[in-house]
Amino acid sequence: MKNIILAAIGICITMYAITIAFSAFSYEIRKNELENRVSRVVENILMKEYKSDDEEAVKQRLIDELTLDVGINGAVEVQVNKMDLKKGILSVKVIERFRQFNGKEKSIVCEKTAIVEQHTQQNAEKTQLLKSRSQGTAGSVLTNAYKYYQTYGSAMVFEPGADKKGMIYYATRGKLASGARIRYENLGWRVTVRDVKGTVIEQIYYSIEGQYMEEVDARNVNGYRYSLYCVSLENLKSRLSENACKVLMSPDSAVIFDACITIVKNNVRQGAVSDSGIICGKVYTTYNGIVNAQNWSSKTKEALKSYYEKNVQNMFSQVKLICGDGIASVSGAGEYCYGTKVTITAATQRGYTFAGWNGTHNTVSQNYTFTIYGDVTMTATASKENVAIHLYRNLHNKDKEMRTMQVSLSEDNYALRDMGWRKAGHYQSGWSTSRIVAQAYFGVEQALSYEWLKKVAPSVDLYAVWEPNTYTVRFAGNGAEGNIDSVAVKYTDSIPLPSEGFSFEDGKLAGWSFSPDARIPDYICNQIVDVTELVSHFGLEYANNSTITLYAFKEANPKITVRFISEKYYKDAEGNWIAEDAGGLWEDSVWKTEPEYTKLLDALYGSAR
């Protein structure tokens, strides 16, 4: 029995401690909520009604706003301590009375004073933005919470605005009075930046009651409270780390909004969120978390899906790149966040030159950077790269004859062509890059490398190189015995004709002829003859590596007449030779004595006589 009593006492103490702790926790949550809500309502009213002449109407609106916005969790009393809209001063005192978990009544007092001159430059800019937006888009869904919700529902929508800075809008709808003992409430948003692989890079928070999320409009329609909020893209970027901003500006990244939802039991929130994150209690940032937190109806579960994994409509734009003819590849395509600087590049195929980008933007820059404000479609174009090869005949220094070959580097055939030119006594050995260089750099029909053509593009001059023809001079014996080797000569050479190497039985080598039947020689032995003369005679000016044949010319041996005479008939009585005119021997006769005659016969005919 004693143990039972002690256990009961322990349980009571524990329950009491839990009650006290829960009451304190509930009080702190209510206090934070009250201060945030009062600050937001007072500042919004002051900024919107600054310099208004109808202070009574503004005062009543302020009381209505605070009663509606703050009083959803308990009884509220609103006291306006000071209002001077000309000077921009608004001071209120709000008292909230509620019943704690232990049944005791409690009250929270909150006093807030807002002064226009004390706002930061950021708030002033926001106010000006709201005013200009309201003036420029009267009646627009961007200034009317009810119209926005009717148009977009719970979707988050990005609007660029005239200044191109851009704002993210979303609307909420809630019943003005709810008798539900347990319900859910959206406290703000967790924003997640993911890279192209889906990796989470960074997460930041926006509290509905924080300093970064603006309430653009709020109104009651048909028993519902409609509120329109916005967040500037500029502010979102300013709060992200450098690395997260870099990822956000990269292609195919993502920004995801997940609601920060808490359970409200007996009009008491079970958690709280600030711009820095979850500060206390239970706040659910995933659908699985909130859907399993209570035994919700199927309709409620379906409604909760719209709060998570929310992509912002129109905030990311598509860059579509198309490869035109001659383009090997393009880079820079993908989805980009609004306002991102995008660089696109194109690589050309071999044999093409980049021409430009056509489409949303038109430029001749191969690497082009632009800021994206909407979908972009661009086509990279290229033109065939041609090289003009100017071929000069180059028969002499002043020869201007020229033909042009157009070579397309997009094709595979880069061979030179034989132009069919001719030069007497010469053949074309190739082409040179200089008129005066005698050595060919390329063959007549040589294939040129792509690299060389690319280097000399868009044009190059080539000059024909002419080399003297080579001929073989052949010496024919024409009936003689012996041999004389053939001689290789060039068109510009001169050669001496041989005098030895052939022998005749009945004559001697006396010269050379073009024909074996010549009656007189065309050239004598040892005569120096120009090859051009030989080539011209045979018509071989354009016949390189031809053979010229010269025939040996024979001079027959002289005939000898031997007369046998007696001296007595040609000498007088004194023994003197009788003169020719007196009937003696002719003047050039040589008298041969018999011994001398015998010797001559032996020399001519030998023993055969």
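Residues that are exposed (fewer than 12 other Cβ atoms within 10 Å of the Cβ) and not small (Gly, Ala, Ser) within segment 534-556 comprise HIS537, ASN545, listed in sequence order. Screening GLN366 against (1) surrounded by fewer than 17 Cβ atoms within 10 Å (Cβ to Cβ); (2) without any contact (Cβ under 8 Å) to a residue 24 or more places away in the chain; (3) within 24 Å of VAL456 (Cβ to Cβ) leaves a single unmet condition, (1). Exactly one residue out of VAL70, VAL58, VAL41 is assigned by TED's automatic domain parsing to the domain that holds ILE89, at pLDDT 70 or above and closer than 18 Å to LEU228 by Cα: that is VAL41. Residues of segment 281-311 that are touching a helix residue (DSSP H, G or I) at 6+ places or on another chain (Cβ under 6 Å) and hydrophobic (A, V, I, L, M, F, W, C): ILE290, VAL291, LEU304. Just so you know, in segment 534-555 the residues that are of a type in the set (Ser, Thr, Tyr) and outside any strand (DSSP E or B) include one that is farthest from the chain's Cα centre (by Cα), and it is SER536.
For segment 268-280, filtering for residues that are more than 21 Å from VAL231 (Cβ to Cβ) and surrounded by 17 or more Cβ atoms within 10 Å (Cβ to Cβ) leaves 4.
None of GLU500, GLU451, GLU505 is exposed (fewer than 15 other Cβ atoms within 10 Å of the Cβ), farther than 30 Å from LYS398 by Cβ, touching a Leu at 6+ places or on another chain (Cβ under 8 Å) and not hydrophobic (A, V, I, L, M, F, W, C) except GLU500. Does at least one position in segment 555-567 carry a residue that is modelled with pLDDT of 90 or more and either small (Gly, Ala, Ser) or farther than 23 Å from ASP485 by Cβ (or both)? Within segment 555-567, none of the residues are modelled with pLDDT of 90 or more and either small (Gly, Ala, Ser) or farther than 23 Å from ASP485 by Cβ (or both). When the strands (runs of 3 or more DSSP E) confined to segment 337-376 are screened for residues that are under 25 Å from VAL255 (Cα atoms), those reaching at least 1 such residues are found at 341-348, 368-371. With the condition kept exactly as written, say whether any residue in segment 277-284 is among the hydroxyl-bearing types (Ser, Thr, Tyr) and either outside any loop (DSSP other than H, G, I, E, B) or free of Cβ contacts under 8 Å to residues at least 12 places away in the same chain (or both). Yes. Do you know which residues across segment 204-244 are among the basic types (Lys, Arg) and out of contact with any Leu (no Cβ under 8 Å at 6 or more places or on another chain)? Passing the criteria: ARG219, ARG239. Candidates ASP258, ASP217, ASP252: the one that is outside any strand (DSSP E or B), under 48 Å from the mean Cα position of the chain (by Cα) and not aromatic (Phe, Trp, Tyr) is ASP252.
Does ILE322 fit the bill of being buried (at least 19 other Cβ atoms within 10 Å of the Cβ) and at pLDDT 95 or above? No; evaluated as a whole, the condition is false for this residue. Looking at GLY210, GLY174, just one residue is in a loop (DSSP other than H, G, I, E, B), closer than 29 Å to ARG97 by Cα and out of contact with any Cys (no Cβ under 8 Å at 6 or more places or on another chain), and that residue is GLY210. Of all residues in segment 467-474, one or more are in a loop (DSSP other than H, G, I, E, B) and at pLDDT 95 or above. Taken together, the criteria place VAL460 among residues that are in contact (Cβ under 8 Å) with a residue 60 or more places away in the chain, touching a helix residue (DSSP H, G or I) at 6+ places or on another chain (Cβ under 9 Å) and at negative phi. The C-beta contact set for segment 318-330 (first residue in contact (Cβ under 8 Å) with a residue 40 or more places away in the chain, second residue charged (D, E, K, R), distance under 8 angstrom, 6+ apart or interchain) comprises GLN318/GLU335; GLN318/ASP375; VAL319/GLU335; VAL319/ASP375; LYS320/ASP375; GLY326/LYS384.
The values are calculated or read from the model by the stated rules, or taken from the named source; none is laboratory data. Source: prediction; values computed, not measured. Because the Cβ atoms are built from the backbone with ideal geometry, glycine has one as well, and the counts that use them run over all protein chains shown.
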